[in-house]
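Below you'll find the structure, written out as structure tokens, and then a few comments.
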Amino acid sequence: AGAGAPGAFTGLQVLAVDSTGDVIVVAARGGDPADGATSSVLRYSASGQYESTIGPVPQAATVAVRPDDDSFVVSGVQDAVNHDAAPSLTWFDASDALLQNVDVNAGDDGRRVMYATISGLAIGAGADGRLYMASDVSRGSYVNQYGVASLQAFEHNVSTAPVIHPSSFTVTDVTDRTARLEAALNPKASETTYHVEYGPTTSYGASTPATSAGAGPSYVSKAQNLVGLTPSTTYHYKVVAQNGIGVSESPDRTFTTAHERPTITVGAVADVTRSTASVPVTINTHGLTGTVFATIAQTNGSYAGLTVPIALAAADAPQETVIGMAGLPAGGTFIVRVKATSGAGLTTTPEFTFATQAPPGYVPRPGGTPDGGNWYDALRSDQGAVPAPGAPSNRFTLKSKVAGTSLALTVGVPGKGTLTASGSQLGSVIKRPAIKGDVRLTLRLTAAGRAALKRAKSKQLRTRVTVRFTPSGGAVHAVTRTITFKRGGAR
């Protein structure tokens with residue numbers, strides 16, 4: 001090698017060999033480049049044939065090959081020791097194309113390479129791509145002022161095209177219409193962006209937005225959400241990463257979306273009474289069996305519950321049904337969500353509201369009730385509620401008085417209905433008032449009750465009495481009180 005144009009050279013400086021056997025030579029003409037001689041970087045085949053001249057690299061002095069990809073670095077400006085300058089480092093790929101000019105003075109740690117000669121280079125194997133340099137300032141005349149007359153080791157992160165780790169791909173959170181993709185990228189010390197291309201074929205057709213992966217020297221885990229997918233479909237995808245050096249693409253991979261979850265259409269709430277309502281719904285379970293039900297929560301009270309699930313057939317077509325809601329408090333406002341399940345998952349509708357009818361005897365309560373309700377049940381005024389002004393005729397009242405072993409009750413009823421009173425050890429009584437007004441009832445202790453009072457060490461007997469009033473055509477309203485009988489007195 002070296003004989004004949006154009007590859008002839010005189011003065012071999014240094015050489016390096018790549019994995020194919022090619023020899024990269026730094027050759028000088030006229031002596032040492034540090035003393036002003038010219039130099040060149042030449043590539044020869046393993047058999048010694050000249051292949052190319054690399055560069056130009058001014059005053060080239062040394063070269064090192066990266067084991068992983070046969071890229072290589074050449075140092076230059078060998079007479080920087082005599083000028084106000086730093087030596088150069090130029091990175092080439094295996095085809096001799098320029099990859100990067102490395103700044104040997106990058107960083108703030110004070111390790112500068114000014115007025116120096118790069119006398120040795122080495123590149124570590126592996127993905128980190130570390131470059132090691134030896135700087136020698138012993139040739140210059142400013143040793144004591146500008147540097148140390150010795151060899152110094154430097155380490156530099158070298159940028160190449162981004163690397164996508166081949167075994168880092170995971171696809172998680174796959175639903176019928178979304179998926180989450182994670183992968184590990186190495187920006188190779190250069191600002192890098194990445195995106196995911198995906199679609200039903202290897203032509204892809206959709207892409208996530210370009211997102212920064214940073215500019216670090218090592219792998220970082222990144223994730224992208226894929227949206228707008230079609231249920232039960234196999235998707236192809238690849239990760240594309242790009243920096244100022246080049247573009248990298250992962251191999252094509254696939255995943256399959258889940259079966260479509262049920263779809264629900266909700267109609268208007270109907271058949272509303274004091275305690276019941278219904279809502280028509282249309283559900284498509286897309287070929288799977290399933291169920292549909294509703295959750296109910298009262299906004300002006302404590303009621304909460306769910307309806308009995310309705311079974312759905314395995315049909316890939318809309319199925320119509322009606323969800324019945326019963327046992328609701330009268331005069332209540334409710335938030336409802338319809339939910340449908342199948343083997344593919346759960347679908348929940350947005351919430352909607354409705355109110356049950358207010359029963360007779362309900363009147364608006366000024367300022368609301370203590371529990372935040374909008375209605376006041378005047379039929380329970382004896383339990384501490386305060387009737388609205390101007391509505392005494394609608395009240396249901398209860399007064400009680402004990403005399404010996406008898407209990408006298410005065411019940412104010414708002415109209416026609418059935419009135420009963422009963423209690424443990426008291427027996428029962430029934431009356432059917434025809435008009436609103438006061439009704440008097442009397443209950444007496446039974447023989448068992450009188451015997452219990454006689455035996456009581458405390459000389460008193462506590463029992464409970466329940467008064468029920470059922471308006472004609474209405475719901476039952478009940479009041480329960482605790483009554484105390486005392487020997488020799490009453491309470």
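Does residue 259 satisfy the criteria of being modelled with pLDDT under 95, open to solvent by less than 40 Å² (accessible area, probe 1.4 Å) and not hydroxyl-bearing (Ser, Thr, Tyr)? It is false that residue 259 is modelled with pLDDT under 95, open to solvent by less than 40 Å² (accessible area, probe 1.4 Å) and not hydroxyl-bearing (Ser, Thr, Tyr). The set of residues in the range 296-333 being touching a Phe, Trp or Tyr at 6+ places or on another chain (Cβ under 6 Å), closer than 20 Å to residue 280 by Cβ and open to solvent by less than 20 Å² (accessible area, probe 1.4 Å) consists of 296, 307.
Of the candidates 480, 484, the single residue that is open to solvent by less than 60 Å² (accessible area, probe 1.4 Å), out of contact with any Phe, Trp or Tyr (no Cβ under 7 Å at 6 or more places or on another chain) and at pLDDT below 80 is 480. Across the range 348-358, the qualifying residues are those that are under 15 Å from residue 300 (Cβ atoms) and of a type outside the set (Phe, Trp, Tyr), and the one among them that is modelled with the lowest pLDDT is 358. In the range 401-412, is there at least one residue being under 59 Å from the mean Cα position of the chain (by Cα) and either crowded, with 17+ Cβ neighbours inside 10 Å or at pLDDT below 55 (or both)? So far as the range 401-412 goes, no, none of its residues is under 59 Å from the mean Cα position of the chain (by Cα) and either crowded, with 17+ Cβ neighbours inside 10 Å or at pLDDT below 55 (or both). Within the range 187-199, the residues that satisfy the criterion of being modelled with pLDDT of 90 or more and polar (S, T, N, Q) are 192, 193.
Looking only at residues of the range 433-467 that are open to solvent by 100 Å² or more (accessible area, probe 1.4 Å) and touching a Ser or Thr at 6+ places or on another chain (Cβ under 8 Å), we find that the one that is modelled with the lowest pLDDT is 436. Among the candidates 127, 122, 46, the residue that is open to solvent by 40 Å² or more (accessible area, probe 1.4 Å), modelled with pLDDT of 85 or more, closer than 26 Å to residue 218 by Cβ and of a type in the set (A, V, I, L, M) is uniquely 122. Here residue 232 clears all of (1) open to solvent by 50 Å² or more (accessible area, probe 1.4 Å); (2) over 27 Å from the mean Cα position of the chain (by Cα) except the condition numbered (2).
The values are calculated or read from the model by the stated rules, or taken from the named source; none is laboratory data. Model, not experiment: these values are computed from the prediction. When we count neighbours, we look across all protein chains shown, and the Cβ atoms used for this are built from the backbone with ideal geometry, even at glycine. Accessible surface is based on the protein model in full, side chains and every heavy atom, while ligands, DNA and RNA are left aside. Shrake-Rupley method; radii C 1.70, N 1.55, O 1.52, S 1.80 Å.
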